[in-house]
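The values are calculated or read from the model by the stated rules, or taken from the named source; none is laboratory data. Everything numeric in this text was worked out from a predicted model, so none of it was measured. Backbone-built Cβ (ideal geometry, glycine too); neighbour counts: all protein chains shown.
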Amino acid sequence: MHMTPEPSFRASVDLMFKRATQFMNLSPGLEEKIRVCNSTYTVRFGVRLRGKIETFTGYRSVHSEHMEPVKGGIRFATNVNQDEVEALAALMTYKCALVGTPFGGSKGGLSIDPRAWEEHELEQITRRFAYELIKRDLIHPAQNVPAPDMGTGEREMAWIADQYQRMNTTDINHRACVTGKPLNSGGIRGRVEATGRGVQYALHEFFRHPADLARAGLQGGLEGKRVIVQGLGNVGYHAAKFLSEEDGAKVIAVIERDGAVIDERGLDIQALKEWVTQNGGVKGYPGTSYVEAGAEVLEHACDILIPAALEGVIHKGNAARIRAPLIIEAANGPVTYGADEILRAKGTIVIPDLYANAGGVTVSYFEWVKNLSHMRFGRMQRRAEEAHSRMLVEELERLSADRGLGWELRPDFKERFLTGSDELALVRSGLDDTMRTTYQAMRAIWHGRPEVGDLRTAAYVFAIDRVARTYRSKGL
C-alpha cells in the first residue's frame with residue numbers, strides 16, 4: 001500500500017500545535033505569532049586541529065521571547081540541522097510554559113560527531129562555538145541560557161560557563177549563563193538525573209489515577225510492569241534504573257544504536273550501562289538474547305514503552321505494530337504526527353514529551369535560581385528543620401517516659417524524621433511537585449473536554465494558553 005510521506009520534524013510540531021489551537025479561541029494573528037520561530041542564527045567557524053583548519057556549522061534558534069531568558073539545550077550530533085533545531089526550540093517554548101518555568105524557548109546544535117575528537121580538541125571546538133554565540137548575546141544569564149542535550153553534558157557546560165566568564169569578567173551572575181554544570185562550577189545536585197527522575201515521577205502520577213490506567217488497559221502499580229527502553233543515554237539510563245531499582249518494574253529490553261538486548265526476567269540496568277560504556281554497545285551482553293535490528297524491539301510486547309533517544313523513531317511505518325498500551329516520551333519528538341494519529345485511533349496512551357521529559361528544564365530552572373541567589377538550597381533552613389523535629393521527638397519520648405507508656409520510636413523513623421532537607425531532597429521535592437501539578441492540569445483538560453481527545457493535545461492547549469496570556473499582557 002502506498003503511504004503518504006511523513007511531515008518533517010518541524011512540520012510535525014506545527015501540526016500538533018494546529019491540532020490544539022482548533023480547540024482554542026485565539027486570534028489568527030496571535031496564533032501565528034506564537035507558532036513561528038522568531039530567529040535562527042547559523043554560525044560557521046574554523047578551528048585549527050591536527051595541522052589544518054576544520055570548519056564547523058552550529059545553530060542557535062530562538063522560538064519565542066514571550067519570557068526571557070530563553071532556555072534550551074545544545075546538542076552535538078552529526079545530523080543536527082536548522083529544521084531540527086527550530087522544531088526543538090518550539091517544543092522548549094511549550095514545555096517551559098506547560099511546567100511553569102519562566103523561560104521562552106530556544107535550542108542549539110553543532111553538527112559534529114563528538115566521538116571523532118579527543119577531549120582537548122572538543123574543548124577547543126566547544127569554546128569557539130560558545131565564543132560565537134556569547135558575543136551575540138545568544139548565551140547570557142538574562143537572555144539565553146543553554147543546557148546539555150544529546151552528545152553534551154556537564155563537561156561541555158563547564159567549558160561554556162568558563163568561556164562566558166572570560167568574556168564577561170565583571171558579570172556577577174556569570175554562572176547563570178548555562179545550566180547542567182558540574183557541582184564545583186555552580187551546578188545543582190540532582191541535575192544529571194533530573195530528566196530520568198522526571199519520567200519516573202510522571203509515571204508515578206499517571207499510576208495514581210485508576211481511570212487513566214483503565215484507559216491504557218493497565219491496573220495496579222508499577223511493580224512487575226514490563227518496560228522497554230530505547231536509548232541508554234543519560235535520560236534512558238536514569239529512567240530505567242529508577243523504575244527497576246526503586247519501583248520494582250522489569251526492564252525487559254533495552255534498544256541501543258547497535259541493536260537490542262532482551263531478558264524477560266528483567267535486566268540489571270547498572271551492569272548493562274557499564275557494559276555499554278566499556279564496549280560501545282549492548283551487543284554481547286551476557287545472559288540476554290541479542291536482536292541486531294533494534295528498532296523491531298519497539299514492537300515487542302510490554303506494558304510501558306520509553307523512547308529515550310532520537311526523534312521520529314515511532315512513525316507511520318511501525319506505529320500500527322506497537323503493542324505497548326502506554327508510551328512515555330522521554331526523548332523529544334519520538335512519535336511523528338502520522339504515528340500519533342495511528343496510536344490515538346488504536347487507543348494507545350501517549351504521555352507526551354513536553355511533559356514527560358520536562359524534568360531537565362525544571363531542575364535547570366532551580367540551578368539558574370541558585371546561581372542568581374549565590375547560595376545553595378537548604379543552607380539556611382536545614383538545621384532549623386532538624387532542631388524543630390528534634391523538639392517534637394524529645395517531647396514525645398519525655399511524655400512516654402513520664403506516663404510509663406513505654407513507647408519506642410523506630411530508629412529508622414527517628415533518623416528519617418530528624419534529617420533536614422538538603423539540596424538534593426529539595427530539588428527532588430520541587431521536581432515531584434512540578435510533575436504532579438502539571439499532570440493534573442493536563443488531565444483536567446483531557447477528561448473535562450472530551451473533544452480534545454488525548455494528553456498531548458491537552459498539554460499543547462494548556463501551554464499555548466499560557467504563552468498567549470503572556471503576550472496579551474504585553475499588549476499584543
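On the basis of being touching a residue at least 12 places away in the same chain (Cβ under 8 Å), closer than 24 Å to Ala356 by Cβ and more than 18 Å from the chain's Cα centre (by Cα), does Leu133 make the cut? No; evaluated as a whole, the condition is false for this residue.
If you take the residues in segment 256-300 that are β-branched (Val, Ile, Thr) and either within 24 Å of Pro114 (Cα to Cα) or assigned to a loop (DSSP other than H, G, I, E, B) (or both), which one is farthest from the chain's Cα centre (by Cα)? Going through the qualifying residues, I end up with Thr288.
Would you point out which residue out of Arg155, Arg127 is in contact (Cβ under 8 Å) with a residue 12 or more places away in the chain and touching a helix residue (DSSP H, G or I) at 6+ places or on another chain (Cβ under 6 Å)?
On the way: Arg155 fails: touching a helix residue (DSSP H, G or I) at 6+ places or on another chain (Cβ under 6 Å).
Within the list Arg155, Arg127, the selection yields Arg127.
Would segment 167-184 turn up any residue that is buried (at least 24 other Cβ atoms within 10 Å of the Cβ) and part of a helix (DSSP H, G or I)? Within segment 167-184 (the criterion being buried (at least 24 other Cβ atoms within 10 Å of the Cβ) and part of a helix (DSSP H, G or I)), the answer is yes, since at least one residue qualifies. For segment 199-248, the candidate set comprises residues that are in a loop (DSSP other than H, G, I, E, B) and aliphatic (A, V, I, L, M); within that set, the residue that is nearest to the chain's Cα centre (by Cα) is Leu232. Arg215 passes every criterion in (1) surrounded by fewer than 23 Cβ atoms within 10 Å (Cβ to Cβ); (2) within 29 Å of Met67 (Cβ to Cβ) apart from (2). Within the option set Val192, Val251, being surrounded by fewer than 22 Cβ atoms within 10 Å (Cβ to Cβ) and either outside the structural domain of Val297 (by TED's automatic domain parsing) or not in a helix (DSSP H, G or I) (or both) holds for one residue only, Val192. Within segment 351-373, the set of residues being surrounded by fewer than 23 Cβ atoms within 10 Å (Cβ to Cβ) and either in contact with a Leu (Cβ under 6 Å, 6 or more places away or on another chain) or free of Cβ contacts under 8 Å to residues at least 24 places away in the same chain (or both) comprises Val369, Ser373. Any residue in segment 301-314 that is crowded, with 22+ Cβ neighbours inside 10 Å, under 18 Å from Ala202 (Cα atoms) and over 13 Å from the mean Cα position of the chain (by Cα)? Yes, there is a match, as at least one residue in segment 301-314 is crowded, with 22+ Cβ neighbours inside 10 Å, under 18 Å from Ala202 (Cα atoms) and over 13 Å from the mean Cα position of the chain (by Cα).
Residues of segment 137-153 that are assigned to a strand (DSSP E or B) and either among the aliphatic types (A, V, I, L, M) or surrounded by fewer than 20 Cβ atoms within 10 Å (Cβ to Cβ) (or both): Val145, Ala147.
Checked against the criterion of being touching a residue at least 60 places away in the same chain (Cβ under 8 Å) and buried (at least 22 other Cβ atoms within 10 Å of the Cβ), the candidates Val62, Val85, Val80 yield just one match: Val62. Restricting attention to segment 458-476 and to residues that are outside any helix (DSSP H, G or I) and in contact (Cβ under 8 Å) with a residue 40 or more places away in the chain, the residue that is nearest to Asp14 (Cα to Cα) turns out to be Leu476.
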